[in-house]
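One structure below.
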Amino acid sequence: MLAYAPLFPFFLLTAVALIAMLMSALVEDGAKVGWFTAAGLTGVGVLAVNQWASNDGPHRLLSDAVTIDGFSYFFYLLFCIIGVVSTVMAIPYLDREQAQRGEYYALLAFALTGMFVMVSSDDLMTLFLGLETMSLAVYVMVGWRRHVLRSNEAVLKYFFLGSLAAAIFLYGIALIYGSAGTTNLVDIASLLHTPALNMNPVFVLGSLMVLAAVGFKVAAFPFHMWAPDVYEGAPTPVTAFMATAVKAAAFALAVRVGLALFSVGQLHEIGQAVVWHLAILTMFVGNVFALVQKNMKRMLAYSSIAHTGYLLVGIAALPDADAGAAIMFYLVAYAFTNLGALACVAFLAGREERVENIEDYAGIAWRYPLVGLGMAICMFSLIGFPPTAGFFGKYYLFIAAMKANLAPLVVVAVINSILSVYYYLRVIVTMYMVPPSGAVDPAESHIPGPTRAVIVYASIAVVWAGIGTANITAFLPGAAPLITSAKDSMKSLMSKPKPESERTTTTGER
Amino acid sequence: MSFLLSLLIFLPLLAGLAILFFGDEDEQGFARWGSLVVAIANGLLSIGLLAGAERVAGGIQLASFEEKRPWIDALGIQYFLRTDGMSTFLIILATACTAIAIAASWRIVSEKARIYYGCMLLLSGGMIGVLAAADLFCFYVFWEVMLIPAFFLIGVFGGEQRRPAVIKFVIYTMVGSLLMLIGITYVGWQHFVLRGSWTFAIDALYGLPFRDGIAMWPFLTFLAAFGIKAALFPLHTWLPAAYSQAPMPVTFLLSAVMAKLGIYGLLRVALPIFPEAAQVAMPVLAALATAGVVYAAFVALAQEDARLVVAYASISHLGVILLGVFSLTHQAVAGSVFHMVGHAVTTGALFLLVGFMAERRGSTLIADWGGAAKTVPVFATFFMLFMLAAVGLPGLTAFIGEFMIFLGAFKQHATATAIAATSIIFGAAYMLWWYQRTMFGPVQHDGVARMADLNMREGALLMPLVLAIIGLGVFPQPMLSAIAPSTAAYLKHFGVAADPAPTVSPTKVGPPAHGAVTHGEAGDAAPAEHSTQGIH
């Protein structure tokens, strides 16, 4: 039994999800299920942190299909935080939309279960299971407002394209299995040192198909088309959940799969070349289209695509441990920022999300100083303004890319940051410097407590993660500061048995 | 007082945040008195930086204040502050100008006072941070931190056209600073490659033998950031819009201090880290600076709005300082540092006066004026003094700085300097013409006839500036001697001899008065007391 102790957070989370499901059948008030889920997720997070603090190396379980290491724990914690925040954000939102039902929170917990599997699988089959568990739950959440046309459009689009991506993923796995004879990532990584597999076109094709499916989930060019419609049509707390948790899970998957499939020899070159180009295109597509958006949620969707591009710069810099740590930090920074920004958007949207255009925000900062300030902090973080989290996220990525001799990518990323200044700044300018237009519903003079808490804590986290990235050591018991801790986790991920791999040994020394 | 520098930075920053968050929405007394008290306290504290100065062979050695704490160990980033002869005076300038700017805002801001005064203090803290930073990363963080309050000050409290102006201002600045971020990353990484460890301490980055030869492109990234801030032609186009739309006390602070930070950045960071690239680019840069001097002077002649006259005059004078910076001679560099203070005081004072004009007349258009000297004689007197100082009247501070710059620059860029020196004529032309059109002649408008003269508060605000202009103009030597050791150390990065006193003063410089300046500034301090008298 104790051999399975590292799986306890996972068990607890599943239990929370199942109980929430049962509760929603028995309890009238959906909000109660929401508060229960939030409490349960907090418990899972605490458990994960405790286990992380006393973590004694990677645990390989269930016939090597699952590996639980520092990398997994890092994401467990991140998912729990995002889960709690998006649950708390959803409670007042669903009340306002009169769509308060307990199943929402159960689905959210199930989506998190899938993510937990994704970040700790070492086998393509379990990865796929995790991915689908997450995706199915998120499909339903996207279409939560059943009577809203936009929401239906969003869910259809997301579901069809998502299914296509899943099929491509499975096809890729089949090709990999056909050429390597195994679906276990560690085994594949060690087999890759034989030229027979490394040069095998079937294997290369399979790996690229897996990459394409990941590209869909992170909304990388050219698989990004769904993002604006889905982000716009989904209920705003779901948008927040997708932009943060789903994206983080997909990038964790990208790091894991990328390290296993693309870190050696010819495949490394192919993978890097592909990601290199995708990164540039994704950044430009995201930023250029964001410039012309009028709808705030669509703008944030394109901004999310742009940020995928920045993160791909980090993926291109793999397998450097610093690049991995930078990606992890970026995901944390981006999660806090987006949760804060979308909490503001969710509040300002008003009933049935009628107020979503940026120009409707005219002068609202003076009417809702808290919302204005929170949004301004988040926009500055998205621009990458010190001392916010977004700045340090970008900076660590740039450093990692510079070290990996990717200076041109850094230059492109900076040019894109410059492009992005305009559309983020426009939000702040509209909120603070344009006379009010009165589009925001006057009935909404009161900010609900949970929304207020999310905005306040997300803003504080954004600023704190900027100033205290490295010198606030007390935030995890026994764990190092955030960036160091991400780096340690990355090392634990990379120190798995990979015979004769020079890359692993050199990066292990850093 | 090892924490004096931190105190100077974080007193305004934290007080600014406190006023922003806890200031009352309707009652502005707390915000403005609170910020004024903090600003004055900070000004007095900054004088403490002069404590412990002592006479040494090369001039006056200021005590070096230093603070170092680890920040981000993984990248060798430190919270590292230090001052020297170049930064000390600019810090004092910044604190003093903050206090004046806050006091000058008394009647301009009526609502949202907590935002205004909070942002003023934040801006001040950011600027002092830039001047005190000795770690490139800290430098960058403060550099960006000061942009946010400036953005809100212009965007919320500015004039009619404030939104385009503020967007232009922020985007220009962000383009520069993001490019600089590439440069910062690059030099840190080069240190990692060449020396085996990450660091961003500015000292440690001096003299790195870059792998890419002279590293021209990273130099250009820094140049973009600093050039935009210092309005180096042709990167100056944001400046007139921002300066004319911002509330006058904010323009005062921007022109007096923030523009200087670009020049300070060149002196502290861009040029000494990339000495070879800088020397290659120097003729081009000097030409650009000169072009800016002349171009802005001509544009100033054509302006109809007093705010724009001063804005373009400011660009023109900044060009002169830049020419000095790009000359790499002792007089020119010391003159540039000196003139940064002098220019801050004169241009700043002119902006304050324009602000007072706008308050009285409700217009800054030159055509709405005329004959004001009859109705507001005190105002006209102050105006005359500052206008003459800006023109470069001997005995006032701007003269010393510009003279030293032209003298030093002439050795390096003879043609450019000759052209730039014509700005003295054009400067006199647009200033005197402006003065004549607003102050002399018959009183044409009722508004002018009914105008009230300067009151006690406004006079009291201008007095420190008057004292600075005359004091530094008549007794420049203590400050020049305190700057000299730092400029000498700075010029070593370019292979310019450490102590030029024996070679420069007798042979290269002709007229004895000029030689005396050189001598006193770089050489021993004792005869300098006499020699500066020779200028006048």
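The table below gives the values:
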read-out	value
FRET E, pair A:H446, B:E111, Förster distance 22 Å, beta-carbon r, rounded to 0.05	0.40
Cα gyration tensor shape for chain B, rounded if a/c is under 1.5, else prolate or oblate	oblate
Two-site FRET efficiency, B:H493 against B:F298, from Cβ-Cβ distance with R₀ of 45 Å, rounded to 0.05	0.80
Exposed-loop-free span, longest in chain B, where GluC sites (Glu not before Pro) count as exposed if DSSP calls them loop and at most 14 other C-beta atoms lie within 10 Å	B:305-536
The range B:169-243: Rg to Rh, with Rh as the Kirkwood radius over Cα pairs	1.08
Where labels lie 7 Å past Cα in the beta-carbon direction, separation of A:N198 and B:V37 in nm	7.1
Estimated FRET transfer efficiency (A:V46, A:M225; beta-carbon r; R0 56 Å; 0.05)	0.90
GluC sites (Glu not before Pro) within the range A:26-111, DSSP loop, no more than 15 other Cβ atoms inside 10 Å	A:E28
Rg(Cα)/(2.2 N^0.38 Å) for the protein assembly as shown, N = residue count	1.01
Tail beyond 23 Å, pair distance distribution of the range A:1-147 (Cα, percent)	34
Peptide B:178-188 - average C-beta neighbours from other chains (10 Å radius)	5
Mean separation of Cα contacts under 8 Å (6+ apart) over length of chain A, as relative contact order %	16
Tensor-based shape of the range B:281-343 (alpha-carbon gyration tensor, a/c under 1.5 rounded, otherwise prolate or oblate)	oblate
Separation in nanometres of the label points that stand 7 Å from Cα toward Cβ, at A:A174 and A:L18	3.3
Helix-only mean residue ellipticity at 222 nm for the protein assembly as shown, each DSSP H run of n ≥ 4 adding -39500 (n - 2.57), per residue, nearest 500	-23500 deg cm²/dmol
Alpha carbon centroid spacing (whole Å) that separates the range B:365-406 from the range B:1-54	31
Cα centre as origin, Lys/Arg/Asp/Glu Cβ charges: the protein assembly as shown dipole, Debye	820
Given charges at Cβ of Lys, Arg, Asp, Glu: the protein assembly as shown dipole, positive-most of B:V56, B:Y295, B:F3	B:Y295
Residue pairs, from the table B:K229/B:K492; A:K217/A:K394; A:K247/A:K294; A:K294/B:K229; B:K68/B:K229, whose Cα atoms sit over 29 Å apart	A:K294/B:K229
In range of the label at B:L208: residues from the range B:131-157 whose backbone nitrogen is under 16 Å from the point 7 Å along Cα→Cβ	B:134-140
Cleavage-rule hits, trypsin sites (Lys or Arg not before Pro), the range A:271-338, DSSP coil, Cβ neighbours within 10 Å at most 16	A:K294
Of the trypsin sites (Lys or Arg not before Pro) in the range B:49-130, those whose Cβ has at most 14 other Cβ within 10 Å and which sit in DSSP loop	B:R107
Estimated translational D of chain A in µm²/s (Stokes, Kirkwood radius over Cα pairs; 10 °C; 1.306 mPa s)	70
The range B:117-184 shape via C-alpha gyration tensor axes, a/c threshold 1.5	oblate
Euclidean distance of C-alpha centroids, the range A:287-304 and the range B:188-245, integer Å	31
Cα→Cβ-extended label distance, 7 Å offset, between A:I270 and A:F11, nm	4.2
Top positive-direction residue, dipole computed over chain B with Cβ charges, set B:Q78, B:G427, B:A94	B:G427
Dimensionless Rg over Rh [the range A:264-414; C-alpha; Kirkwood]	1.05
The range B:356-381 residues near the modelled B:L393 label - backbone nitrogen below 11 Å, point 7 Å along Cα→Cβ	B:381
Range of Cα positions in the range B:38-102 per principal axis (Å), largest first	41, 39, 15
Under Karplus coefficients 6.51, -1.76 and 1.60, residue-wise ³J(HN,Hα) of the range B:429-446 in Hz, glycine/proline x	5, 6, 5, 5, 5, 4, 4, 5, 5, 8, 9, 9, x, x, 6, 9, 10, 4
Stokes-Einstein D in µm²/s, Kirkwood radius over Cα pairs - the range B:279-408 at 20 °C with 1.002 mPa s viscosity	139
Alpha carbon centroid spacing (whole Å) that separates the range B:286-319 from the range A:239-270	53
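Any read-out appearing in this document is the output of simple, stated calculations on the displayed coordinates, not a laboratory observation. Note that the structure is a prediction, hence the values are computed from the model and not measured. Glycine also receives a Cβ, built like all others from the backbone with ideal geometry; neighbour counts cover every protein chain displayed.
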